[in-house]
Amino acid sequence: MVSWSGHIVPFMVTVAIWFIATGLIAWADNRERTTFSRSLMIGSVAGIAGLIVILFASLSAEVWAVYLAFCGALMVWGWHELSFLTGAAAGPRRGLADPRLTGMARFRQAAATMMHHEVALAVTALLLISLSWNVPNQIGATVFVLMFAMRLISKINLFVGVPNSTAEMLPDHLAYLKTYFGPNRMTRLLIMSIAVLTGVTIWFAALALAAPLGSAEMVGASLLTTLALLGVLEHLFLALPFRDGMLWGWALPKRAPARTNPNSRT
């Protein structure tokens with residue numbers, strides 16, 4: 001039985017935060033570079049506050065604590081995203097891809113463009129897992145690890161190649177990353193990724209439906225279900241002719257449309 005407070009409200013909360021937070025980050029990292037230091041300072045304060053919130057909320061298994069831990073995890077995630085998209089924590093390589101490279105040489109070069117960001121995410125995930133290992137409320141760590149996994153899968157798919165590698169949300173100072181995208185094509189990896197994420201979504205949904213009515217377990221599973229469902233949606237965007245600007249055009253500056261993939265190998 002579908003519950004308003006246990007299923008519907010968590011769904012609406014997750015979608016609202018996802019939509020607004022994505023837009024705000026896109027707005028911040030597409031502004032003048034002179035504003036980046038202030039944005040990073042605000043983001044750092046929010047990220048540290050998010051860690052404190054997760055630690056505090058992890059001690060309680062009440063519904064309010066589940067929502068609090070969820071918001072804390074998204075604050076930490078937003079901090080990392082802002083650091084990456086402003087260029088503060090990307091990777092040692094900040095130039096165009098070498099079109100002559102293939103195979104592992106191309107992969108190593110692509111990995112060097114975002115190595116620092118990925119390491120920071122992995123360290124944060126391990127930190128949250130260790131801090132949440134034996135606590136009553138593990139939603140904060142679970143949310144962060146889920147988002148990390150979904151983002152890593154999407155980056156690998158972009159490297160291999162997807163039918164729709166639109167990058168309207170990518171700021172101009174990171175435009176060189178588009179040269180590391182693979183050719184515009186449908187791959188088995190993308191199909192398998194969508195299938196796996198769909199399976200994860202169904203699993204979380206089953207947990208949400210089986211949990212006691214109105215319980216923290218129901219709310220937590222519903223939040224994770226919606227988050228995984230949004231991950232499926234974002235991967236479907238890679239397969240379908242969908243423009244990021246259709247949803248977040250209000251957050252992006254007016255600029256001439258850039259080519260989707262300058263080095264596309266079709």
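Quick notes on this structure:
- One residue stands out among those in region 167-224 that are farther than 22 Å from Leu152 by Cα and among the polar types (S, T, N, Q): the one that is modelled with the lowest pLDDT, which is Ser215.
To keep it simple, each residue is scored yes or no on (1) outside any loop (DSSP other than H, G, I, E, B); (2) open to solvent by 40 Å² or more (accessible area, probe 1.4 Å); (3) at pLDDT 95 or above; (4) under 19 Å from Met169 (Cα atoms).
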| site | (1), (2), (3), (4) |
| --- | --- |
| Met41 | yes, yes, yes, no |
| Ala46 | yes, no, yes, no |
| Ala65 | yes, no, yes, no |
| Phe70 | yes, no, yes, no |
| Val76 | yes, no, yes, no |
| Arg93 | no, yes, no, no |
| Leu101 | no, yes, no, no |
| Thr124 | yes, no, yes, no |
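- Residues that are within 18 Å of the chain's Cα centre (by Cα) and of a type in the set (Gly, Ala, Ser), drawn from region 1-32: Ala16, Ala21, Gly23, Ala26, Ala28
- Ala16 falls short of the stated requirement of being under 17 Å from Arg151 (Cβ atoms) and open to solvent by 20 Å² or more (accessible area, probe 1.4 Å).
- Residue match in region 148-167 (condition: aliphatic (A, V, I, L, M), part of a helix (DSSP H, G or I), open to solvent by less than 40 Å² (accessible area, probe 1.4 Å) and closer than 23 Å to Phe204 by Cα): yes
- Residue pairs whose Cβ atoms lie under 9 Å apart, separated by 6 or more positions or on different chains, with the first residue in region 47-71 and farther than 23 Å from Phe19 by Cα and among the aromatic types (Phe, Trp, Tyr) and the second in a helix (DSSP H, G or I) and open to solvent by 40 Å² or more (accessible area, probe 1.4 Å), are Phe56/Leu68.
- Listed by first and then second residue, the pairs linking a residue in region 1-19 that is on the phi < 0 side of the Ramachandran plot to a residue that is open to solvent by 50 Å² or more (accessible area, probe 1.4 Å) and polar (S, T, N, Q), with Cβ atoms under 6 Å apart and 6 or more places separating them unless they lie on different chains, form an empty list.
- Considering only residues in region 205-241 that are surrounded by fewer than 20 Cβ atoms within 10 Å (Cβ to Cβ), within 13 Å of the chain's Cα centre (by Cα) and in contact (Cβ under 8 Å) with a residue 40 or more places away in the chain, the one that is nearest to Ala73 (Cα to Cα) turns out to be Leu230.
- Pairs, first without any contact (Cβ under 8 Å) to a residue 24 or more places away in the chain and closer than 16 Å to Phe70 by Cα in region 143-165, second part of a helix (DSSP H, G or I) and open to solvent by less than 40 Å² (accessible area, probe 1.4 Å), C-beta under 9 Å, six or more apart: Val145/Ala125; Val145/Leu128
- Boolean, Phe107 is free of Cβ contacts under 8 Å to residues at least 60 places away in the same chain, over 30 Å from Gly182 (Cβ atoms) and out of contact with any strand residue (DSSP E or B) (no Cβ under 8 Å at 6 or more places or on another chain): no
The values are calculated or read from the model by the stated rules, or taken from the named source; none is laboratory data. No experiment lies behind these values; they were computed from the predicted model shown. With ideal geometry, Cβ positions are generated from the backbone for all residues, glycine too; neighbour counts draw on all protein chains shown. Ligands, DNA and RNA are stripped out before the accessible areas are found, and what is left, the full protein with its side chains, is counted by its heavy atoms. Shrake-Rupley method; radii C 1.70, N 1.55, O 1.52, S 1.80 Å.
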